[in-house]
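The values are calculated or read from the model by the stated rules, or taken from the named source; none is laboratory data. Computed from a predicted structure; not experimentally measured. Backbone-built Cβ (ideal geometry, glycine too); neighbour counts: all protein chains shown.
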Amino acid sequence: MKKDEPSNYIFESGPVGAIGEYASLMLRVNRNCPWNRCLFCPLYKKERFSTRSVEELKHDIDAVSRTFALIMHAAGGCGITIEALYEIVGRNPQIYGAINVQPSPQQRMARICLSRTANWISYGARRVFLQDADALALKIPDLLEILVYLKLSFPAIDTITCYARSKSCARHSVEELTALKKAGLAWCFIGVESGCDAVLDYMKKGVTRKEHIEAGNKLKLAGINVAAFVMPGLGGCRQSLAKTHIADTVYVLNEMQPKEIRIRSLAVLQQAPLYQLWQAGKFIAPTEDSLVEEMRELLEGIKVQGTIETLQMTNPVISLHGPIGVKRKSALKQLDKYQELTPNERARFNLQRYCEGGYIRYAEECGYLSEELELLIEEAQAGVAADAPDAPDLVEKALFALKSTGIP
């Protein structure tokens with residue numbers, strides 16, 4: 001093996017990392033999602049699930065280690081700079097290609113891995129996120145071997161996190177999960193979405209509320225922190241499922257007692273199977289007002305000694321991150337103020353929040369801002385400016401179209 005080949009400085013990363021894991025090294029332990037049937041999710045739908053071998057993963061960790069050493073040598077204790085990265089490329093053309101010369105595909109990927117490792121080092125090189133959708137789909141002995149190898153390679157790592165399905169967590173014993181904890185796994189991010197079996201079944205989530213609770217309890221006994229993602233709006237609007245969605249979700253969260261609750265209100269994305277059901281009239285999308293009411297019910301009902309986070313733009317009105325006991329009162333006051341507004345005032349508030357808060361910029365940068373979408377936004381703006389009776393409907397239509405393009 002030639003140490004200076006580009007392949008020895010390349011490690012694989014998946015397409016998605018958890019929000020808030022910007023300081024983490026992304027280590028891809030499996031590819032895509034083992035379930036991949038949820039109606040609301042567009043990710044991985046055309047991709048096959050596969051686990052990666054221990055040998056592959058050790059190669060990736062070694063590649064990070066080699067890249068780490070190059071960066072630290074170039075930095076010389078003076079911090080990571082663009083100049084230092086250019087110096088690394090210039091000194092290692094056999095790995096990264098010569099400066100001002102078109103690199104080969106492998107050399108280009110090595111440069112990307114160089115940048116990713118530099119970012120990790122700039123945040124202290126202490127956190128690692130295991131990709132993709134369900135790290136616990138890997139065999140426990142294999143995952144344990146990888147965690148041990150990772151910590152031996154980088155002793156300064158203090159936090160390892162991953163996405164995990166409730167069903168995967170529930171099928172493992174507390175002893176197996178405890179072993180993962182001892183090997184370094186600190187957090188599991190679980191997509192609970194709903195505690196209502198009817199909603200979970202309709203959305204093809206492939207899990208029951210009993211399994212959600214079992215997973216949360218097992219992880220808690222093992223000492224692994226749980227961040228539970230929940231999705232206001234998943235029961236639709238003015239449908240029978242909507243009536244029990246939040247009440248049952250509150251029940252599950254109170255039984256699980258996660259360390260953190262992360263709220264991700266539903267956006268019916270064009271690439272997701274749910275969009276076709278909406279087009280066919282088989283699913284009534286939630287309105288901004290119905291999402292606000294569900295947020296209220298959620299905040300009022302949860303009895304969890306942990307933190308709450310709502311830092312995604314699909315969430316209406318409030319944006320918060322902190323202890324539930326501290327944030328609850330002020331968040332409910334914000335929702336009160338919103339619900340006291342007239343329908344047209346709420347429409348104006350929502351239009352301004354999404355259009356000026358970065359959603360349009362995101363859609364434009366991603367190439368999603370079509371002429372049709374721009375026209376819907378212009379019509380909504382005109383309706384709001386004229387205080388027209390149909391302004392709320394125009395705004396709902398525009399915001400649904402904007403949110404369906406994707407989630408920033």
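Whenever a residue of segment 350-363 is polar (S, T, N, Q), its partners that are assigned to a helix (DSSP H, G or I), lying with C-beta atoms within less than 6 angstrom and at least six residues away or across chains, give the pairs ASN350/GLU288; ASN350/VAL395. Of all residues in segment 205-245, those satisfying the criterion of being without any contact (Cβ under 8 Å) to a residue 12 or more places away in the chain and either within 29 Å of LYS182 (Cα to Cα) or touching a Cys at 6+ places or on another chain (Cβ under 8 Å) (or both) are THR208, LYS210. Please verify whether PRO316 is assigned by TED's automatic domain parsing to the domain that holds THR249 and within 26 Å of GLY236 (Cβ to Cβ), treating the condition exactly as stated. Against the criterion (assigned by TED's automatic domain parsing to the domain that holds THR249 and within 26 Å of GLY236 (Cβ to Cβ)), PRO316 qualifies. Among the residues of segment 136-170, those that are under 13 Å from GLY191 (Cα atoms) and part of a helix (DSSP H, G or I) comprise SER166, LYS167, SER168, CYS169. The number of residues in segment 184-204 that are in contact (Cβ under 8 Å) with a residue 40 or more places away in the chain and part of a helix (DSSP H, G or I) comes to 4.
Conditions (1) β-branched (Val, Ile, Thr); (2) outside any loop (DSSP other than H, G, I, E, B); (3) touching a helix residue (DSSP H, G or I) at 6+ places or on another chain (Cβ under 8 Å), marked per residue:
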| site | (1), (2), (3) |
| --- | --- |
| ILE261 | yes, yes, yes |
| LEU277 | no, yes, no |
| ALA285 | no, no, yes |
| MET295 | no, yes, yes |
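Of the residues VAL230, VAL199, the single one that is touching a Ser or Thr at 6+ places or on another chain (Cβ under 7 Å), in the same structural domain as LEU299 (by TED's automatic domain parsing) and under 18 Å from LEU274 (Cα atoms) is VAL230. Kindly indicate the residue of segment 2-25 that is aliphatic (A, V, I, L, M) and touching a helix residue (DSSP H, G or I) at 6+ places or on another chain (Cβ under 7 Å) and also surrounded by the most Cβ atoms within 10 Å (Cβ to Cβ) among those meeting that condition. So, considering only residues that are aliphatic (A, V, I, L, M) and touching a helix residue (DSSP H, G or I) at 6+ places or on another chain (Cβ under 7 Å), the one surrounded by the most Cβ atoms within 10 Å (Cβ to Cβ) is LEU25. Of the residues making up segment 63-99, just one is free of Cβ contacts under 8 Å to residues at least 40 places away in the same chain and among the aromatic types (Phe, Trp, Tyr), namely TYR86.
When we screen SER24, SER50, SER13 for residues that are under 19 Å from the mean Cα position of the chain (by Cα), hydroxyl-bearing (Ser, Thr, Tyr) and at pLDDT 95 or above, the only hit is SER24. In segment 130-145, the residue that is surrounded by the most Cβ atoms within 10 Å (Cβ to Cβ) out of those that are under 14 Å from GLU55 (Cα atoms) and free of Cβ contacts under 8 Å to residues at least 60 places away in the same chain is LEU144.
In segment 172-183, of all residues being assigned to a helix (DSSP H, G or I) and more than 23 Å from the chain's Cα centre (by Cα), the one that is surrounded by the fewest Cβ atoms within 10 Å (Cβ to Cβ) corresponds to GLU175.
Restricting the search to helices (runs of 4 or more DSSP H) fully inside segment 318-408 and requiring at least 2 residues that are of a type in the set (Val, Ile, Thr) gives 324-340, 371-385. For segment 145-166, a residue qualifies if it is under 22 Å from the mean Cα position of the chain (by Cα) and more than 17 Å from GLN131 (Cα to Cα), and exactly one does: ASP158.
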